[in-house]
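A short worksheet on the structure shown next.
The values are calculated or read from the model by the stated rules, or taken from the named source; none is laboratory data. Remember, predicted model here, so these are calculated numbers, not experimental data. Neighbour counts run over all protein chains shown; Cβ positions are idealised from the backbone, glycine included. Side chains are part of the model used for accessible areas, which takes the heavy atoms of the whole protein and leaves out ligands, DNA and RNA. Shrake-Rupley method; radii C 1.70, N 1.55, O 1.52, S 1.80 Å.
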Amino acid sequence: MPDNQIQIHLPDGSIKQLPAGSTAHDVAMSISPRLAAAAIVARIKPVHAAPTKAAPTPGDEKSEPGERSMYAAPDASAERLVDLRAPLTEDVHLQLLTEKDPDALQVVRHSAAHVMATAVLELFPEARLGHGPATDAGFFYDFHRPTPFTTDDLSAIELKMAEVVGRDEPFVREYEPREQGLADYRAEGDFMKVHFIERFTKPGDEISLYRNGTFVDFCRGPHVPSTGRVKAFKVMSLSGAYWLGDEKNPQLQRIYGTAFFSRKDLDEYLALLEEAKRRDHRRLGKELELFTVNEDVGAGLPLWLPKGATIRRLLEEYILQLERETGYEHVYTPALAKVDLYVRSGHWAHYHEDMFPPMDLKTEQLVLRPMNCPHHILIYESKLRSYRELPLRLAELGTMYRYERSGALSGLSRVRCMTLNDAHIFCTPDQIKEEFSNVMRLVERAYRDLGITRYSYRLSLRDPANKEKYVDNDEMWELGERVLREALDSLGLPYRESRGDAAFYGPKLDIQLADVMGHEETYSTIQVDFHLPSQFALVYTAADGKQHRPVMIHRAVVSTMERMIAYLIEHYAGNFPLWIAPVQVGLVPIAERHNDYGKKLQEQLRAAGLRVELDSRNEKMNAKIRDLTMQKIPYLLVFGDKEQEAGAVSVRVRGKGDQGSMPLADFIAKAESLVASKSIEL
Ligand code: TSB
Ligand code: ZN
């Protein structure tokens, strides 16, 4: 083969021979002009690449999302994305990415960030640029500007972006000596660019810039071929942040946007966002008076209002009952313990960062517990145990405290004080499988009763590279993983794996629920633990009279009360099934003279175990109906002279309207049966 020829290996196995310096665009043209028009970016991998050490993992040091991938030099031998117009200089495997490839969307979004920065500089030339990566939900760009942007500015920026897209300016990559780039940026007062260049390049390097029109940005790409390829975008919101996260630094303004391949995709996303807003448990929690968060108490420490507390109590009573039926014994233990207990358990070594600092009482150091396991272990230890007692299932609605980062806190779903539907099962190794499947059955039963239909299984394993976060004992980890896989396989459950999500003491099977936006969280969890029993030297006397070590299964069926109720609020958009609705029946007297009949109704309904609210305000009937409807109460019973005489009520059903009148006894019988069957429908 002549020296100036390179071979392009295509995904279908065919090989194209082209002059060195040809581009992915040339390859696309040689296949079909339609493909060339549809291609967004190319993925290449050198054919003769010498194996090199693994690429640095992003997210180390204090990098912000996207920072490293945007600036750090790519590993030349690794698979990577390149511009369609980038000259190819060696034999490569090449794949042209179109709108079918999610990686191409990231490229579109990063290009959209450049389009936004272009628009901002045209409108506000005094602005200085930070960085602008793609994110899971779109992109952002950080700006420094003495005057804060306003919402009107955001609209103007979006309009200007449309203009930049309309100009269809090619994204052109340019190179420049590092020292030259630094000098130019310094002269312009671009302190953030200077920082990025100093941090991500070394003296003597060439730096990579991308130009579209007159806009130039320090960036290593790749980008779409031209601004016209950013077809569907929207400027979303604005937030403030300190440069490098340090309050002593200047305030930056971060503008968020999103971009999609098409208007249709964008519209679908915006509709989902609306739906998420409608269901947002933080908003509904306020509107329906379920919980509140008060600055004076602190972030992540919600206060349960009477109605939210009612839901919580129902959930607690429900799960306690289910556990009693399935052989759990309930205990109570304090939320504090001596630090030494957590030193012994390993929490101190591996989970320290998630704990509140200890209270120094001079003679002893106490700490708020981040987990309930050590307390339950001490209950196991409180007497000699025989194999006849196993499996011993110790359960508790255990309150625990975790020092979650303030930025991660959210309403009830991620808090700092939480009550977990916890249990620790102490069993023999032979009993693990059966106990595991019992827990799975319990989870399925609870989900069915709560109306949760969509969930997925995640096998959470350790990250072997992260020594500090996990107990160091390979044999134990392998055993735990094998036991969990066997249990999952024997139940035929489909699962995916995730490295780095295990507990510090062992692997877990997590049950994941997604919100409207597809964002997943862990709810139920089942964890196999060989570490804590050995740490506390737990034993039982076996049938052979000898002492053996039990295994522990940590499990939570309905997660923390906080997280599960956050989920239920959003899942039902506040329209709870009858059995968990904080107020099940609203009573609406037509006129003031019907209030006494209302009180009688209230007594009878309460006697039947129903939760009732009588609206005896001196308001018009329609106003009362409107207000109670806003509270999403399942049944409104309206009554006047006619109903009073007949001992009847006129029934309005949530979401279905007026159903006419019926005798009170009939209504009670119907409501009781819906509660008993935990019906989702009214
Ligand atoms: C199951 N020791 C085990 C227990 O025995 C344990 O604590 N496991 S855990 O750390 O995974 O936590 C259990 C569950 O609590 C998680 O699966 C999650 O659903 C819930 N949870 C964890 N952190 C929070 C938080 N900050 N706010 C609300 N719920 C949380
Ligand atoms: Zn535990």
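Numbers below:
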quantity: Dipole axis of the chain (+1 Lys, Arg; -1 Asp, Glu on Cβ), positive-most option in TYR210, VAL224, PHE426; calculated: PHE426
quantity: Additional length obtainable on full extension of the chain from GLU475 to ARG611, 0.36 nm per residue less Cα span; calculated: 43.5 nm
quantity: Over the stretch 343-451 - Rg/Rh using Cα atoms and the Kirkwood inverse-distance radius; calculated: 1.03
quantity: Coil-residue trypsin sites (Lys or Arg not before Pro) of the stretch 592-630, DSSP, other Cβ within 10 Å capped at 15; calculated: ARG617, LYS620
quantity: Portion, in percent, of the accessible area of the stretch 575-682 that falls on carbon or sulfur, probe 1.4 Å; calculated: 48 percent
quantity: Lysine pairs in the stretch 540-657 with Cα atoms under 24 Å, if 8 or more residues apart or on separate chains; calculated: 16
quantity: For the stretch 390-395, Karplus couplings with θ = phi - 60° (6.51, -1.76, 1.60), whole Hz, Gly/Pro x; calculated: 8, x, 9, 10, 9, 10
quantity: Neighbour cut-off at most 10 other Cβ (10 Å), DSSP loop, GluC sites (Glu not before Pro), the stretch 141-189; calculated: none
quantity: Prolate/oblate/rounded call for the stretch 192-310, Cα gyration tensor, a/c under 1.5 rounded; calculated: oblate
quantity: Label-point separation in nm, GLU295 to ALA137, each point 7 Å along Cα→Cβ; calculated: 2.4 nm
quantity: Farthest toward positive dipole pole in the stretch 298-361 [+1 Lys/Arg, -1 Asp/Glu at C-beta], among PRO334, LEU305, LEU315; calculated: LEU305
quantity: Cα-centred dipole magnitude for the stretch 240-386, charges only on beta-carbon of K, R (+1) and D, E (-1), debye, nearest 20; calculated: 100 debye
quantity: Close Lys-Lys pairs in the stretch 256-382, where close means Cα under 27 Å and separation is 8 or more or interchain; calculated: 5
quantity: Protein accessible area in the stretch 220-277, 1.4 Å probe - carbon and sulfur %; calculated: 52 percent
quantity: Total charge dipole magnitude, the stretch 270-316, about the Cα centre, Cβ charges on Lys, Arg, Asp, Glu only, Debye to nearest 20; calculated: 160 debye
quantity: The stretch 462-559: trypsin sites (Lys or Arg not before Pro) in DSSP coil with no more than 13 other Cβ atoms inside 10 Å; calculated: LYS467, LYS546
quantity: Angle in degrees between helix 432-450 and the longest Cα principal axis of the chain, rounded to the nearest 10; calculated: 80 degrees
quantity: Rounded to 10°, Cα long-axis angle of helix 621-630 versus longest principal axis of the chain; calculated: 60 degrees
quantity: ALA676/LYS620 FRET efficiency (R0 41 Å; Cβ-Cβ; nearest 0.05); calculated: 0.70
quantity: Accessible solvent surface per residue of the chain, calculated while the other protein chains remain in place, 1.4 angstrom probe, Å²; calculated: 48 Å²
quantity: Given charges at Cβ of Lys, Arg, Asp, Glu: the chain dipole, positive-most of GLY657, ALA113, LEU88; calculated: GLY657
quantity: Beta bridge orientation in the chain: antiparallel %, DSSP, nearest 5; calculated: 85 percent
quantity: Taking the chain and dividing mean pair separation by its residue count, relative contact order in percent (alpha carbons under 8 Å, at least six apart); calculated: 9 percent
quantity: Charge dipole (debye, nearest 20) of the chain; +1 at Cβ of Lys and Arg, -1 at Cβ of Asp and Glu; calculated: 1320 debye
quantity: Acute angle (nearest 10 degrees) that the helix 151-166 long axis makes with the longest principal axis of the chain, alpha-carbon atoms; calculated: 40 degrees
quantity: Neighbourhood charge, 13 Å Cβ-Cβ cut-off, centred on ARG496 and excluding it, Lys, Arg +1 and Asp, Glu -1; calculated: -1
quantity: Sulfur and carbon atoms: percent of accessible area, the stretch 331-404 [1.4 Å]; calculated: 56 percent
